[in-house]
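Comments concern the structure below.
The values are calculated or read from the model by the stated rules, or taken from the named source; none is laboratory data. The structure displayed is predicted, hence computed values, not measured ones. Here Cβ is always computed from backbone atoms with ideal geometry, including for glycine, and neighbour counts include all displayed protein chains. Just so you know, the surface numbers come from the protein's heavy atoms only, side chains and all, with ligands and any DNA or RNA stripped out. Shrake-Rupley method; radii C 1.70, N 1.55, O 1.52, S 1.80 Å.
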Number of protein chains: 2
Amino acid sequence: MRISELSRRSRVPVPSIKYYVREGLLPAGTALGPTSSEYGEQHVKRLHLIRALIDIGGLSIATAKDVLGAVDSPDLSLAHVFERAQLAVSRTAVYSAEGSDESRRRLDELVEAQGWHVGPGNPGRVAASNILDAFDALGLDGLRSLLTPYAQAAAAIAEVDLRAVAAQPDIEAMTETVVAGTVLGDALLAALRRMAQEHMTSVLFPSPTSSPPAA
Amino acid sequence: MRISELSRRSRVPVPSIKYYVREGLLPAGTALGPTSSEYGEQHVKRLHLIRALIDIGGLSIATAKDVLGAVDSPDLSLAHVFERAQLAVSRTAVYSAEGSDESRRRLDELVEAQGWHVGPGNPGRVAASNILDAFDALGLDGLRSLLTPYAQAAAAIAEVDLRAVAAQPDIEAMTETVVAGTVLGDALLAALRRMAQEHMTSVLFPSPTSSPPAA
């Protein structure tokens, strides 16, 4: 198909398609002449993935490019694709430095209690140690009690995540599922948590004003 | 205490403290004279909350101010504090428009199957409909199957969240817990998911390179 048809199919404007090609997020089409190229179904799919990473995952162009580079490296192990995708969605300062010894020790205990195999450099482990420190600094006692039930929920989610990856027919679909699942999965989980919180608020704190107004 | 002591206690530089006061995130201290003010423990606590929202939650100054305004409105119902906090961490385009009829219908079915009481304007519901559309566009079949197990995990998490709120001694601690729990809870859950994913990768895809190198 020509670029106009690719634009119609993907709902991405032609200038944006050209931009993604220039920036290396989208492979160039097959040149048909000096001003026209032929694009295929892979381009439609890739554009959907690019838009999902940027619009839903909130990734920058540069970060999306890095993650897509992982998708395009068939020699990369799934663990490393996960790592690249995880680092990409780990944008805040919380991932840049280790937390306190006390919080790291608590996470060591958690990992052992859950029977997890998790290396010390896992980005989530670094982030969690900082978040526990923040909980302590806030002096809100209830927050630390969230750790174990959250970990149990995370374990259930990760199992579903990895089974969705394992069910894919080929390595390409597997890596795409890792990337989309990591980036969109955080967003979906946060969205469902907001829905469930509204429900639980109405259960635990019933009041005439407990239901937020429709937007 | 004076501002220098407040800075030492909170580990926030004096110019940042002054900036937060000017921007309305931190109440001014009690004036002792034209150039000095007295600050209390509430200021230390508030600075920790401000830094957690900005450094861990990734909120902008303006958004943090809006969320803190909800904390400072004792007449606001908990449901509305939740709503303000949820909207604050709902930064991406995914929250701005409804998804397709098909995705909204699937969420209606999910809400009914889970027995949830969730209004149509819930920001998570709007986001989830867009994420389901993105899953469809990507053409990766496994992703849609995540919805129900994710919702079950979200329900378990929301129950823990709300019980942590209910366990607080007063309405002030409750609203702080709602805000911190909403913003930091997303981050904690994402962090633990990354840890659990590394574990599940090593279980389901064992390989010599399945353990990412320590950072």
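Some points to look at:
- Among the residues listed as A:Leu140, A:Leu147, the single one being at pLDDT below 85, among the aliphatic types (A, V, I, L, M) and buried (at least 16 other Cβ atoms within 10 Å of the Cβ): A:Leu140
- Residues that are closer than 19 Å to A:Ala88 by Cα and assigned by TED's automatic domain parsing to the domain that holds A:Ala64 number at least 1 in the following helices (runs of 4 or more DSSP H) confined to the stretch A:115-192: A:123-138, A:147-166.
- Test for B:Ala113: is it at pLDDT below 90 and either farther than 24 Å from A:Thr177 by Cβ or open to solvent by 40 Å² or more (accessible area, probe 1.4 Å) (or both): no
- Being touching a Ser or Thr at 6+ places or on another chain (Cβ under 9 Å) and open to solvent by less than 10 Å² (accessible area, probe 1.4 Å) is a property that B:Thr177 lacks.
- Odd one out for B:Glu159, checked against (1) open to solvent by 10 Å² or more (accessible area, probe 1.4 Å); (2) more than 7 Å from chain A (Cβ to nearest Cβ): (2)
- Filter result for the condition that a residue is of a type in the set (A, V, I, L, M), more than 17 Å from B:Ile56 (Cβ to Cβ) and touching a Gly at 6+ places or on another chain (Cβ under 8 Å), over A:Val165, A:Val178: A:Val165
- B:Ile17 vs. criteria under 18 Å from the mean Cα position of the chain (by Cα) and either farther than 30 Å from B:Glu159 by Cβ or not assigned by TED's automatic domain parsing to the domain that holds B:Ala166 (or both): no
- Of all residues in the stretch B:33-53 being over 20 Å from B:Ala180 (Cα atoms) and either at pLDDT 90 or above or touching a Phe, Trp or Tyr at 6+ places or on another chain (Cβ under 8 Å) (or both), the one that is most open to solvent (accessible area, probe 1.4 Å): B:Glu38
- Failed item, numbered, when B:Ser77 is tested on (1) assigned by TED's automatic domain parsing to the domain that holds B:Ile131; (2) within 23 Å of A:Asp186 (Cα to Cα); (3) open to solvent by less than 60 Å² (accessible area, probe 1.4 Å): (2)
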